[in-house]
1. Just a yes or no: is a residue in segment 255-273 part of a strand (DSSP E or B) and over 15 Å from the mean Cα position of the chain (by Cα)?
2. Is there any pair with a first residue in segment 209-236 that is farther than 17 Å from Ala33 by Cα and of a type in the set (Val, Ile, Thr) and a second that is modelled with pLDDT of 95 or more and assigned to a loop (DSSP other than H, G, I, E, B) whose Cβ atoms are under 7 Å apart and which are 6 or more apart or on different chains, and what are they?
3. State the number of residues belonging to segment 244-289 that are among the aliphatic types (A, V, I, L, M), under 30 Å from Glu216 (Cβ atoms) and open to solvent by less than 20 Å² (accessible area, probe 1.4 Å).
4. Is it true that some residue in segment 188-196 is under 16 Å from Phe261 (Cα atoms) and either out of contact with any Lys or Arg (no Cβ under 7 Å at 6 or more places or on another chain) or crowded, with 22+ Cβ neighbours inside 10 Å (or both)?
5. Given (1) in contact with a strand residue (DSSP E or B) (Cβ under 6 Å, 6 or more places away or on another chain); (2) of a type in the set (D, E, K, R); (3) in contact (Cβ under 8 Å) with a residue 40 or more places away in the chain, where does Lys139 come up short, assuming only one miss?
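The values are calculated or read from the model by the stated rules, or taken from the named source; none is laboratory data. Only a predicted model underlies this, so the values are computations on that prediction, with no experimental measurement involved. Virtual Cβ from ideal backbone geometry, glycine too; neighbours counted across all protein chains shown. Keep in mind that these areas ignore ligands, DNA and RNA; they rest on the heavy atoms of the full protein, side chains included. Shrake-Rupley method; radii C 1.70, N 1.55, O 1.52, S 1.80 Å.
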Amino acid sequence: MMNRMLSAKGMLTLAFALFTITFYGQDNFGGLALYTVRDNMGEDAKATLQKVADAGYAYIEAAGYNEGKFYGMEPQEFKSYLESIGLMPVSTHMGMVTLDNADQLIADTKAAGFEYFTIPVPPMGMFTFNREERTMGMKGSMENFANILTTLGKKCEAAGLKLLYHNHDFEYKDNEDGIKPIEYLLENTDPKYVNFQMDLYWVTRAGADPVAYFEEYPGRFKLWHVKDMDEEGKFAPVGEGTIDFKKILDKKDTSGMVKYFVEQDMTWDKKPLEVIKISHKGLKEIGFE
């Protein structure tokens, strides 16, 4: 009798494993920053997420939170839908965070199943953008900036989340005081509470070397944005640009990278849903898993 029960249990386990492989796709790997397909997400979020899964991605980073919902879905609904199509919520960008609304945003991020609470630009009015010159920067003191990140990082840690700061190019350039913001933040925050998402395009665009930062500050760059750059300096699908991703990927352990996301802010003459397929193929050819 016991042998028969064990046999039945084993058959159920095997059946479930086969179902998982068939349903979720054994070739799915890597992540997509949904900012790439933001217009599609605005039109039909669920259909777009299904296409992201169909394109071969295994997990996502959100960039569409508003009034307590992710892309129009309550946190639990968003989490459940992702699970139903085999996508994992890993990170969400929360550029609107302040010290006043942080508790609610953190609670919603946790309820939606995310692991990383990522701040994409200096928060609380510190971010600046010059539309004429199309340049980014920040105002306010670096000390205050680091303190804000630390305060938010402690809130995230208490809730079981991990806080990251995502860069553009200006953080890797000297500011008016001769300080590189990224280096100040790395040296004046505790890795228990604050770490970083490196956008490989923007670091390269700033004239910096990602690998040099991995070696100088090992273990601090938990997530990457894998975004390529063409010869004109514009965004390009992964594998069709000039960035040496293989060299960077060789140092993933040094960097502390846990997961990565394809992102392309603008797709020019190509449709975003086509670009993410091209980039996924590029990931595989480069050696990302």
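1. no
2. Sorted first by the residue in segment 209-236, then by its partner, the pairs are Val211/Lys251.
3. 3
4. Yes, the conditions are met somewhere in segment 188-196.
5. (3)
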